[in-house]
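The next block holds one structure in the form of structure tokens; read it before the comments.
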Amino acid sequence: MEKYIQAPITKEEAQKLRAGDYVYITGTIYTARDAAHKRMDETLNRGEKLPVDIENQMIYYMGPSPAREGRPIGSAGPTTASRMDKYAPRLLDLGLGAMIGKGKRSQAVLDAIVRNQSVYFAAVGGAGALLSKCIKKSEVVAYDDLGAEAIRKLEVEDFPVIVVADCEGNNLYETAIKEYQK
């Protein structure tokens, strides 16, 4: 099923999504990779506020390449999501609405998705140049010293993703394997 949604995502919208849905996102999403997640975790451990309000937000696990002239961003493909698994449950418990990456997630993350009525989307790996065409604006909003791993605020239009893990505990990676084995 194809769906068009606005970012940030509401709990009500996340609850309507099912593993296997093709989704096109328009609105504001944030990027953060390993180093930014580590720094956010350290910030929370010190009892400080995160540099961005993550309530209902989407975090895209991506570190862009430099922008070509006239473009807001360079290639913008997803990175392996499992590298953020030790941080994701905490962020989901603090209100993060969705994550975008590629690859499988740990059971702790899948449990946190269900517990928080969130969603995990996959973007197509290897298609970073095509995905970047859906990004209309890019701005570093935190941790500029991390370079490509800084937190960026992106304005996207019809950014294509697939629901992998939904709030009911469905996991496309598991169901697809079972379907393929038939």
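The values are calculated or read from the model by the stated rules, or taken from the named source; none is laboratory data. Bear in mind that the values here come from a model prediction, so they are computed numbers and not experimental data. Backbone-built Cβ (ideal geometry, glycine too); neighbour counts: all protein chains shown. Areas reflect the complete protein model, heavy atoms only, side chains present, ligands, DNA and RNA absent. Shrake-Rupley method; radii C 1.70, N 1.55, O 1.52, S 1.80 Å.
Please give the FRET efficiency for residue 129 paired with residue 162, using the beta carbon to beta carbon distance and R0 = 25 Å, rounded to the nearest 0.05.
Values: r = 19 Å, r/R0 = 0.75.
After rounding, the FRET efficiency stands at 0.85.
Where nothing but the Cβ of Lys and Arg (+1) and of Asp and Glu (-1) is charged, how large is the charge dipole of the stretch 1-124 around its Cα centre, in debye to the nearest 20?
Details: 18 positive and 14 negative charges, 64 e Å.
In total the dipole reaches around 300 debye.
Quick one: which residues, 5+ away or cross-chain, put their amide H under 5 Å from the amide H of residue 137? H built at 1.01 Å from N.
155
Please turn the phi angles of the stretch 78-83 into ³J(HN,Hα) values with the Karplus equation 6.51 cos²θ - 1.76 cosθ + 1.60 (θ = phi - 60°), one per residue in order, whole Hz, x for glycine and proline.
3J(HN,Hα) across the stretch 78-83, in whole Hz: x, 10, 5, 5, 4, 5.
Toward the positive end of the charge dipole of the stretch 86-160, about the Cα centre and with charges on Cβ (Lys, Arg +1; Asp, Glu -1), which of 114, 131, 160 goes farthest?
Comparing the listed Cα positions along the dipole, 114 ranks first.
If you plug each phi of the stretch 118-124 into the Karplus form 6.51 cos²θ - 1.76 cosθ + 1.60 with θ = phi - 60°, what whole-Hz ³J(HN,Hα) values come out, in order, with x for Gly and Pro?
The phi angles translate into 10, 8, 10, 9, 10, 9, 6 Hz.
Amide H neighbours of residue 67 under 5 Å, at least 5 residues apart or on other chains, H built in the peptide plane: list them.
74
First select every other residue whose beta carbon is under 11 angstrom from the beta carbon of residue 62; then total the charges, Lys and Arg +1, Asp and Glu -1.
Here the count lands on +2.
Using DSSP to define loop residues, name the GluC sites (Glu not before Pro) in the stretch 37-135 whose beta-carbon has at most 13 other beta-carbon atoms within 10 Å.
Working: sites: 42, 48, 55, 69; in loops: 48, 69.
Listed in order of number, the matching sites are 48, 69.
Return the sequence-ordered ³J(HN,Hα) values of the stretch 140-155 in whole Hz as given by the Karplus equation 6.51 cos²θ - 1.76 cosθ + 1.60 applied to θ = phi - 60°, using x for Gly and Pro.
Karplus values, whole Hz, x for Gly and Pro: 6, 10, 6, 6, 3, 5, 7, x, 4, 9, 5, 7, 10, 9, 10, 9.
Round to a whole number: what % of the accessible area of the stretch 1-47 belongs to carbon and sulfur, probe 1.4 Å? Spell out each step's value before the answer.
Numbers: 1120 of 2340 Å².
For the stretch 1-47, the apolar C and S fraction of the accessible surface comes to 48 percent.
Among the trypsin sites (Lys or Arg not before Pro) in the stretch 1-102, which ones are in a DSSP loop with at most 16 other Cβ atoms within 10 Å of the Cβ? Mind listing them? Kindly include the intermediate steps, with their values, before the conclusion.
Details: sites: 3, 11, 16, 18, 33, 38, 39, 46, 49, 68, 83, 86, 90, 102; in loops: 18, 33, 46, 49, 68, 86.
Counting only loop positions with at most 16 other Cβ atoms within 10 Å, the trypsin sites (Lys or Arg not before Pro) in the stretch 1-102 are 18, 46, 49, 68, 86.
Give the shape of the stretch 113-158 as rounded, prolate or oblate, defined through the alpha-carbon gyration tensor: a ≥ b ≥ c are the square roots of its eigenvalues, a/c under 1.5 means rounded, and otherwise the shape is prolate if a/b is larger than b/c and oblate if not. Walk me through the numbers before you get to the answer.
Values: a/c = 1.86, a/b = 1.19, b/c = 1.56.
Oblate shape, in that a/c is at least 1.5 and b/c is the bigger or equal ratio.
Any lysines with Cα under 25 Å of the residue 3 Cα? List them, leaving off those in the same chain fewer than 8 positions away.
11, 16, 102, 104, 133, 136, 137, 153, 178
According to the square roots a ≥ b ≥ c of the eigenvalues of the Cα gyration tensor, what is the shape class of the chain, taking rounded for a/c under 1.5, prolate for a/b larger than b/c otherwise, and oblate for the remainder? Before the final figure, lay out the partial values.
On the way: a/c = 1.61, a/b = 1.18, b/c = 1.37.
Oblate, because a/c is 1.5 or more while a/b does not exceed b/c.
For residue 100, what residues show an amide H to amide H distance below 5 Å, using hydrogens built from the backbone and excluding near sequence neighbours?
Hits under the 5 Å cutoff: 59, 60, 61, 121.
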